[in-house]
Amino acid sequence: MILSNFLYFIVAILFFSVAPSAPSGVFTPAQDLLAILVILLGFWHFNRYKFTQLRIRLNNEEISLEAAKKEYFTRINIYFIFAIILFVFEIFACDLKFLVLQTAIPGFFESFGIAGGLVVFILHLSIVWYWGFRTMGDVLEIGDSAMAYIRSNIKFNLFIVIPWLIFSIIFDLLRLLLPGSQIILNTPILREIIFCLFLVVLAIFAPVLIARLWDCEPLPPSKLKDNIIAFCHSRGVKFKDIMSWNALGKSLVTAGVMGLVSPFRYLMITPTLMNLLNEDEIMAVVSHEVGHVKKRHLLLYLVFLMGFFIFSGYIMELVDDFFLTTSTGLDMITTSRGVVDLGMVQVFSLPLLVLLFIVYFRFVFGYFMRIFERQADGYCFESGIDPDLMVSSFMKLGARLGENSKKPNWHHYNLSQRIDFIKKGMANPGIITLHDKKVKRRVITFVTALTLFTAVFFNAYTGQPNLKRLATAIELKLEKTPDDVRLYSFLGEIYYQLKEWKASEKAYKYAIGLDYNQPNVLNNLAWLLLTSEDGSLRDPERALKLARDAASKEKAAHIMDTLAEAYYQNQMYWEAFQAAKKALQLSTDNRSYFKEQLEKMKKALKPGGD
């Protein structure tokens with residue numbers, strides 16, 4: 001469940017992160033909000049009907065309790081996927097990100113957006129949790145009330161959300177505190193390095209936070225706790241504490257270990273498992289968890305996670321190159337106004353990134369998790385724990401879980417397979433040794449491949465942020481096609497975003513020199529001459545001519561706004577007021593800006609100007 005939820009939340013975060021923050025303009029914000037509320041209401045009734053039908057079938061004895069439990073957990077996963085689909089629809093069709101950012105703190109767009117978006121996503125999941133508990137909570141014994149169950153699930157999953165939010169806040173703070181750092185921070189290779197360092201720090205210190213989120217409490221002093229501590233010390237493994245793992249209303253039947261270093265490492269055992277097994281069998285479970293530490297599985301999981309970001313980073317670099325250096329790619333990310341929208345690169349590449357994420361974790365990460373779990377099972381032969389105790393604990397766990405213990409699992413072998421492995425090891429201990437060697441070979445192969453891949457990534461990486469790479473690519477193309485008007489207009493826009501004002505003016509001048517009938521290019525050059533931070537380029541008179549010509553060719557809000565500013569800087573305040581009023585009438589988004597502009601022009605009017 002933990003890993004499945006991890007996948008769900010990461011997919012939701014990825015879609016929300018790359019979605020455009022500007023409204024599509026298809027519907028008004030009020031209509032978008034109404035649509036989202038209707039979707040949530042429909043999802044509420046859908047879950048109520050489906051889960052109620054399941055309970056009716058159980059009450060009428062149409063299905064057994066075991067079958068009902070199995071169907072319940074299947075439905076939870078399916079409806080979570082439905083929740084993701086609805087969430088993505090709301091993001092792209094109902095401008096959810098734009099609605100969330102309307103209340104954002106200035107400068108904290110990414111972190112606030114992710115936080116707000118995740119609140120909405122969790123609201124979808126809460127509907128599933130609510131009706132799941134209302135209909136099946138009593139037979140599954142998963143909590144005292146629906147609200148308590150929802151709160152426990154939210155707390156349980158916050159360990160996924162909080163690290164991402166912290167990482168986003170760090171980047172937002174860097175952007176605020178280090179002016180001009182935006183381009184550097186958007187450098188893919190730097191983001192990879194920072195994120196990997198962040199993962200290391202997180203892996204060391206996060207267990208302290210997770211222990212609180214998962215309602216862990218130190219196991220009271222007892223002979224069993226003393227035996228566990230003595231056994232761990234005999235194997236050279238130290239824990240900060242042995243914890244009672246009380247997450248999800250104490251409904252979990254499992255044990256776990258978290259933490260890379262002993263001062264922040266915890267051994268966790270749920271009360272249900274403690275009550276299910278005898279003390280000797282609990283020691284077998286402890287042996288399994290100690291095996292994870294001794295075989296350095298936690299460190300390797302961190303390496304595999306870094307591997308994904310390095311691998312996906314390189315793939316995304318190739319995708320960026322397609323959009324930024326090919327004619328087809330440039331066409332795909334060019335707006336109707338003839339402006340290159342780099343945000344569209346992320347939108348188009350997102351499905352590939354999600355697919356890579358799912359495939360990597362399902363097949364690569366999942367494969368290593370399975371063989372690591374089997375290696376930890378086999379550690380009982382090395383630790384001196386009777387393997388029969390491991391078998392008996394698995395059998396009791398299987399009886400407790402019922403049919404769920406037999407179903408396939410992408411990150412664990414099922415209990416029958418694990419029992420079979422231990423029994424084969426008892427008959428032939430060489431099997432355990434062979435598996436250890438197999439794991440070692442697989443890890444060496446993966447780490448070697450990752451090292452080579454990383455070297456290729458660094459070698460192939462251009463060292464330029466996307467805007468710089470795009471400018472370089474366009475300049476190379478212009479050497480072959482020097483009369484391409486569209487490329488010059490692209491280049492002017494890019495240099496403007498890079499704040500290379502003279503280069504931007506030069507590119508725009510080339511573009512209109514080749515074809516003057518380009519209202520957006522005329523408008524962009526006029527705006528540059530009005531607002532450039534390079535005072536030597538300021539030329540209000542020339543800008544007014546360009547703005548007038550642009551407005552004569554196309555009536556659009558952004559063009560009329562430029563014309564208003566040009567009139568304003570030429571002290572033609574009545575004309576500026578009229579143009580600003582027209583810009584507001586034509587605007588479909590960012591109306592607050594156009595209202596401010598209109599007020600500015602109104603204040604500039606001289607007495608009697610009406």
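Every number here is computed from the coordinates shown, using simple stated rules; none is lab data. Bear in mind the structure is a predicted one, so any value in this text is a computation, not a measurement. Here Cβ is always computed from backbone atoms with ideal geometry, including for glycine, and neighbour counts include all displayed protein chains.
Values as computed for the structure displayed
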| quantity | calculated |
| --- | --- |
| Per-peptide average of other Cβ atoms within 10 Å, ordering 575-588, 349-362 highest first | 575-588, 349-362 |
| Ellipticity estimate at 222 nm from DSSP helix runs (n ≥ 4, -39,500 (n - 2.57)) divided over the chain, nearest 500 | -25000 deg cm²/dmol |
| PHE98, PHE89 arranged by Cβ crowding within 10 Å, fewest neighbours leading | PHE89, PHE98 |
| Likely footprinting exposure, PHE156, PHE490, PHE322, fewest C-beta neighbours within 10 Å first | PHE322, PHE156, PHE490 |
| FRET efficiency for ALA93 and SER17, using Cβ-Cβ distance with R0 set to 22 Å, rounded to 0.05 | 0.80 |
| Percent RCO, i.e. relative contact order, over region 1-185, from Cα pairs under 8 Å lying at least 6 residues apart | 31 percent |
| The chain: angle of helix 188-213 to the longest principal axis, Cα-based, in degrees nearest 10 | 40 degrees |
| Added length on full extension, which subtracts the Cα-Cα distance from 0.36 nm per residue, ILE371 to LEU40 | 115.1 nm |
| Among [x] 85, 62, 45; [y] 121, 57, 40; [z] 94, 56, 41, the entry that matches Cα extents along the principal axes in Å as calculated here | [z] |
| Qualifying lysines (Cα of each under 26 Å from Cα of LYS581; at least 8 residues distant if same chain) | LYS545, LYS553, LYS555, LYS595, LYS600, LYS602, LYS603, LYS606 |
| Exposure proxy ranking, count of Cβ atoms within 10 Å, fewest first, for THR562, THR481, THR254, THR270 | THR481, THR254, THR270, THR562 |
